[in-house]
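Written out below as structure tokens is the structure these notes cover.
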Amino acid sequence: MVFVKKYDIFETSFSATCEGNPFKDVTLTAQFSHDGQTVNVHGFYDGDDTWRIRFMPQEEGEWSFVTSSNLSTLDGQKGSFTCIAADASNHGPVRVNHTYHFAHADGTRHISVGTTCYAWVYQPLERQEQTIETLKSSPFNKIRMCVFPKWYEHNYDKVPILYPYEGSVEEGFDYERPNVEFFRLLEKRVGQLAENQIQADIIIFHPYERNEWAFNYMNEEQDRLYMQYLIARLGAYHNVWWSMANEWDIFVMTQRNCPKSDAAYWDKLGRFVHDEDPYGHLIGIHNCMKMYDHNAYWITHSSMQRVDYYKTAEMTDTWRNEWHKPVVIDECAYEGNIDHTWGNITGEEMTRRFWEGTVRGGYMGHSETYACPEDVLWWSHGGVLKGTSPARIAFMKGLLEEYPQYEIDPISDFGEVLCGGCPKEYYLYYYSGFQPNAGHYNLPIRKKYTAEVIDTWNMTRTKLPGTYTGAVTIDLPARPYMLVRFVAVEDTDLSKITITADSTLADALEMPNGHKLLDFLKTKLGNQYETMSNFIQAFPLKSLTQFGVLDDKTLNDLLVMVNEKN
């Protein structure tokens, strides 16, 4: 009996000869069955008269399969295996969770912390292994990586060690005969990433290529053959994401006379991958300047690039509201010092953008573009990390993982500081480049909270004694990049709470007589109440006197009424 762990790969192989093109002329599928359900997958040719079928079981128990093929020696092959419990470290593929977030198939939350390393699988083998070793000790649990080689600045003199198709630069490539040696190397690297709990965000197409390659000029039939082959080989890996393109709009703007210059063609490609992938891996499409319509059903999350050289993370909550999908800002610019603005932000700015996007309810991506004599930049070649942000990103990731049960959503549009978290349970107040000497907060009075002042750049934490509720003032060190975190630890006894002018309307509404204050304000403000309600609930009640809504005596009378104990 064959045993395969849940979310691991069951693989079987068959030997058969083919007179034509085995990649194109032979069809091979397998139907896997378990407890009344069936899953269909494609097999693939792996050279040397060998065909393989890979399958990722997502249910424990007995599985059986039967093949279908137009080649008689491959048709009607049968087999079975037993799926047993998954390893503790393998939580299964990542899915969308609660509209804006991610979780693995077993329910474990996935906090995406990405980096970009486009062409690392085309580098010398020693550097590829060095990249894996670097990732092992890094905070990054997702890496964006290309299938096709890259022809762009800092890459022109880097000759790929292998090409994805049979042929050569001099004689041309056969787009109907994948190079199995290359794809074996690619899947080896994806497997190594899986062993280290790192998601492989596979970029299927990108516009930066040498004319002699012309991979982007394959016709539709060749594109489909390529995508089907890619899914058949890599789809069974639990750590795969699909990115239809890096900078899809560059194709449309610059690459004429190829199918991908038609914006409508991308929808056709995306639907093909969605329908072809039996596991429902995440699918995105990445922009340069023009956003793709992320309402498309096959797109699971918004994979975004900066909108200008300054503002990107600040757009996170706007994009959430527009697409109603997780926002992953895969390129918010890169830490480095090259001569392009997209590749020379500081470590401080990279760290700031990570926190800004995170508190706004999104997920951020990193890379590095530090010039060096060897012209080896992490962003495309891998190797080692040189910047100052990875350590701070690791610090951030550790803080978030302390409370994985709380997915972070933007909380308030008002106030003097950015706030995100889980209402009534978990609050993150991030000060970005501001440097106040004190912070003022209005915590829900039904809970008591612990408080912690965190320096996100210097990576220090100060846990404050006692608990806090209601209107709170906390001293801060008057330097930038500070974060204040509140975590609910117990309920309060409302009979011992007194609402003051520093409390909010939200606090007052928690009291038994709070509805009386609400009724008064609705009557006094009339139609204006709806437009002012968010403001009123977020700011202290004394603001109502400062803005002329109430006079001091009326507010004091209302506070007495709210605080009456029945």
Residues that are more than 33 Å from the chain's Cα centre (by Cα) and among the basic types (Lys, Arg), drawn from the stretch 72-109: LYS78
Meets criteria (surrounded by fewer than 17 Cβ atoms within 10 Å (Cβ to Cβ) and outside the structural domain of CYS422 (by TED's automatic domain parsing)) for LYS463: no
Scope the stretch 212-252; condition out of contact with any helix residue (DSSP H, G or I) (no Cβ under 8 Å at 6 or more places or on another chain), over 30 Å from THR12 (Cβ atoms) and polar (S, T, N, Q); matching residues: ASN246
Residue count, the stretch 523-546 (criterion: within 35 Å of the chain's Cα centre (by Cα) and within 14 Å of ILE445 (Cα to Cα)): 2
Filter result for PHE520 (under 32 Å from the mean Cα position of the chain (by Cα) and of a type in the set (A, V, I, L, M, F, W, C)): no
Condition broken by LYS448, with the remaining ones in (1) closer than 30 Å to SER389 by Cα; (2) part of a strand (DSSP E or B) satisfied: (1)
The stretch 230-289: number of residues that are charged (D, E, K, R) and on the phi > 0 side of the Ramachandran plot: 1
Conditions (1) within 25 Å of CYS332 (Cβ to Cβ); (2) assigned to a loop (DSSP other than H, G, I, E, B); (3) not basic (Lys, Arg): number failed by VAL96: (2)
Pair list, Cβ < 8 Å and 6+ apart or interchain, from the stretch 1-27 residues that are in contact (Cβ under 8 Å) with a residue 12 or more places away in the chain and basic (Lys, Arg) to residues that are exposed (fewer than 13 other Cβ atoms within 10 Å of the Cβ) and in a loop (DSSP other than H, G, I, E, B): LYS5/ALA85; LYS5/ASP87; LYS6/GLU59; LYS6/ALA85
Enumerated strands (runs of 3 or more DSSP E) restricted to the stretch 170-251, each holding at least 2 residues that are crowded, with 23+ Cβ neighbours inside 10 Å and out of contact with any Asp or Glu (no Cβ under 7 Å at 6 or more places or on another chain): 199-205, 240-245
Members of the stretch 481-499 found to be part of a loop (DSSP other than H, G, I, E, B) and either on the phi > 0 side of the Ramachandran plot or surrounded by fewer than 16 Cβ atoms within 10 Å (Cβ to Cβ) (or both), listed by number: TYR481, ASP493, THR498
ALA103, sole failed condition from (1) surrounded by 12 or more Cβ atoms within 10 Å (Cβ to Cβ); (2) in the same structural domain as ASP330 (by TED's automatic domain parsing); (3) assigned to a loop (DSSP other than H, G, I, E, B): (3)
Residue in the stretch 333-342 that is in contact (Cβ under 8 Å) with a residue 40 or more places away in the chain, assigned by TED's automatic domain parsing to the domain that holds THR108, out of contact with any Leu (no Cβ under 6 Å at 6 or more places or on another chain) and outside any loop (DSSP other than H, G, I, E, B) present: yes
Selection count where residues are part of a loop (DSSP other than H, G, I, E, B), more than 30 Å from THR38 (Cα to Cα) and among the aromatic types (Phe, Trp, Tyr), scope the stretch 252-306: 1
Residue match in the stretch 361-371 (condition: within 25 Å of PRO436 (Cα to Cα) and not in a helix (DSSP H, G or I)): yes
Sole residue being modelled with pLDDT of 95 or more and either assigned by TED's automatic domain parsing to the domain that holds CYS419 or of a type in the set (A, V, I, L, M) (or both), chosen from VAL327, VAL307: VAL327
Counted residues, the stretch 395-405 - those being assigned to a helix (DSSP H, G or I) and closer than 15 Å to HIS110 by Cα: 6
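The values are calculated or read from the model by the stated rules, or taken from the named source; none is laboratory data. Please read all numbers here as calculations on a predicted model, not as lab measurements. Using ideal geometry, Cβ is built from the backbone for each residue, glycine included, and neighbour counts are taken over all protein chains shown.
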